[in-house]
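The values are calculated or read from the model by the stated rules, or taken from the named source; none is laboratory data. If you're wondering where the values come from, they're calculated on a predicted model, not measured in any experiment. When we count neighbours, we look across all protein chains shown, and the Cβ atoms used for this are built from the backbone with ideal geometry, even at glycine.
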Amino acid sequence: MVAATLYQFALCPFCNKVRAGLHLKGIAFDEIEVSPRSKVELPPLPDDAPRKVPVLKVGDDVVWDSTRILAFLDEAYPDTIRFTPEDPATRARAEALEAWVDDTFIESLPPVLYGTWREAAQASKIIAKHSRFGATEGVMVKLGGPLIMHAVAKRILKRNDRTDAHGWVGENLDHFEAELAEQAFVCGDTLSVADVAMHGALTCIQPFPVFEGVRSRTRLYAWFERVEAMKLAA
């Protein structure tokens, strides 16, 4: 099997989304942590591609954007679990929920990852664990990154007319839990791209106090553990 390489940033929810997809398909891959400042670690990209993570390289194929990457994995690895439902109505629902995760749920995450100085310090530890940068770049990323994202988190709250970051995430968890209802997965009995996206986003916040809100929701946490078990079994 051709080697896969994921260019990522440890606390990027979209990168966690792609990692979830790779694990669920049982695809071995290398991880390259990309500096959010210089991004020099990224492979050559077409002129129309944004210089941001995640980027996946498989052989000569270089794919960017988490949604495009998961679709690529379905086509490149046809003998693995499929994320895109065959039924048109189910596929439309899965894609709509994936878009909601990307556009709405993930929008609410930076304020709970970097919103307080304690959260920013926790983020810095996670960044340090994954970083393999040189001395100067390492200090800038590990310390400067959370400081910058702390300011970004404040702007996100203001842009969305929010003051309670954890309450905002809680509202979004309510929405996803309602979509899940009593089903095994959000689109029924079979895992879809919507489950992959949400599981990846939740994995991103797992080391933070906000994840206790997931653990306290019986149905939601059972779903999270169900998907996690599939990752480990793949």
Inset, instruction - Report, by residue number, each residue of region 82-103 that is surrounded by 17 or more Cβ atoms within 10 Å (Cβ to Cβ) and outside any helix (DSSP H, G or I). - result: R82, F83, P85
Inset, instruction - Return yes or no: is V63 crowded, with 17+ Cβ neighbours inside 10 Å, hydrophobic (A, V, I, L, M, F, W, C), in contact with a strand residue (DSSP E or B) (Cβ under 9 Å, 6 or more places away or on another chain) and in a loop (DSSP other than H, G, I, E, B)? - result: no
Legend entry - Search result, residues across region 32-59 that are in a strand (DSSP E or B) and within 15 Å of I69 (Cα to Cα): V55, L56, K57, V58
Legend entry - Residue check, F72 in contact (Cβ under 8 Å) with a residue 12 or more places away in the chain, farther than 24 Å from F176 by Cβ, part of a helix (DSSP H, G or I) and of a type outside the set (D, E, K, R): yes
Inset, instruction - Kindly check whether there is at least one residue in region 24-32 that is crowded, with 19+ Cβ neighbours inside 10 Å and either of a type in the set (D, E) or touching a residue at least 60 places away in the same chain (Cβ under 8 Å) (or both). - result: yes
Inset, instruction - Might you let me know whether region 174-184 holds any residue that is of a type outside the set (D, E), out of contact with any Phe, Trp or Tyr (no Cβ under 9 Å at 6 or more places or on another chain), under 16 Å from V101 (Cβ atoms) and surrounded by fewer than 14 Cβ atoms within 10 Å (Cβ to Cβ)? - result: yes
Legend entry - Options V55, V63: the member that is modelled with pLDDT of 90 or more and in contact with a Lys or Arg (Cβ under 9 Å, 6 or more places away or on another chain): V63
Legend entry - region 156-173 - residue that is assigned to a loop (DSSP other than H, G, I, E, B) and touching a helix residue (DSSP H, G or I) at 6+ places or on another chain (Cβ under 9 Å) and, of those, surrounded by the fewest Cβ atoms within 10 Å (Cβ to Cβ): T163
Inset, instruction - Scan region 12-20 and give yes if some residue there is modelled with pLDDT under 95, out of contact with any Phe, Trp or Tyr (no Cβ under 7 Å at 6 or more places or on another chain) and more than 16 Å from D195 (Cα to Cα), otherwise no. - result: yes
Inset, instruction - For region 195-234, enumerate the residues that are under 17 Å from L109 (Cβ atoms), of a type in the set (A, V, I, L, M, F, W, C), touching a residue at least 40 places away in the same chain (Cβ under 8 Å) and outside any loop (DSSP other than H, G, I, E, B). - result: V196, A197, M198, A201, C204, I205, V210, V214, L220
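Each row is one residue, and each column tells you yes or no for (1) of a type in the set (G, A, S); (2) at pLDDT 95 or above; (3) closer than 21 Å to C15 by Cα.
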residue	(1), (2), (3)
D174	no, yes, no
E179	no, yes, no
S192	yes, yes, yes
A201	yes, yes, yes
V210	no, no, yes
E228	no, yes, yes
